[in-house]
Amino acid sequence: MSKNAITSPELAPPVGPFSQAIEVGGFIYFSGQVGQDPTTGKLVAGGIAAETERATIAVAALPLGACVEIDLIVKA
């Protein structure tokens, strides 16, 4: 079964050794993304609502002190 990394210029590079998404066997596994502005590398201003709108939950702390992170798995 092949594994393909998926990247997008609309997302900021991951903070750490992560992939933005991986496609395996017809499933796409999206890495959790925080509400980071890809042009500045900083969190978007406005708190949880603004970070969520940028389309981005952890148990302890998130990278950059983010309020929210959203993970997603889809059947391609």
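Residues in the stretch 1-35 that are at pLDDT 85 or above, in contact with a Ser or Thr (Cβ under 9 Å, 6 or more places away or on another chain), not in a loop (DSSP other than H, G, I, E, B) and not hydrophobic (A, V, I, L, M, F, W, C): Glu23, Tyr29.
So, Ala66, is that one under 21 Å from Met1 (Cα atoms), surrounded by 11 or more Cβ atoms within 10 Å (Cβ to Cβ) and either under 14 Å from the mean Cα position of the chain (by Cα) or not hydroxyl-bearing (Ser, Thr, Tyr) (or both) or not? So that I can check it myself, show each step before the final result.
Working: under 21 Å from Met1 (Cα atoms): no; surrounded by 11 or more Cβ atoms within 10 Å (Cβ to Cβ): yes; either under 14 Å from the mean Cα position of the chain (by Cα) or not hydroxyl-bearing (Ser, Thr, Tyr) (or both): yes.
Judged against the criteria, Ala66 is not a match.
When the residues of the stretch 41-56 are filtered to those that are surrounded by 11 or more Cβ atoms within 10 Å (Cβ to Cβ) and assigned to a loop (DSSP other than H, G, I, E, B), which remaining residue is modelled with the highest pLDDT? So, considering only residues that are surrounded by 11 or more Cβ atoms within 10 Å (Cβ to Cβ) and assigned to a loop (DSSP other than H, G, I, E, B), the one modelled with the highest pLDDT is Gly46. Condition check for Gly26 on (1) under 12 Å from Glu69 (Cβ atoms); (2) exposed (fewer than 12 other Cβ atoms within 10 Å of the Cβ); (3) not hydrophobic (A, V, I, L, M, F, W, C): one failure, at (1). Within the stretch 1-18, the set of residues being more than 18 Å from Ala66 (Cα to Cα) and surrounded by 12 or more Cβ atoms within 10 Å (Cβ to Cβ) comprises Ile6 only. Condition first: over 10 Å from Ile73 (Cα atoms) and either in contact with a helix residue (DSSP H, G or I) (Cβ under 8 Å, 6 or more places away or on another chain) or polar (S, T, N, Q) (or both). Now tell me which residues in the stretch 6-38 satisfy that. Scanning the stretch 6-38 gives Thr7, Ser8, Val15, Gly16, Ser19, Gln20, Gln33, Val34, Gly35, Gln36.
The values are calculated or read from the model by the stated rules, or taken from the named source; none is laboratory data. All of these numbers come straight from a predicted model, not from anything done at the bench. Because the Cβ atoms are built from the backbone with ideal geometry, glycine has one as well, and the counts that use them run over all protein chains shown.
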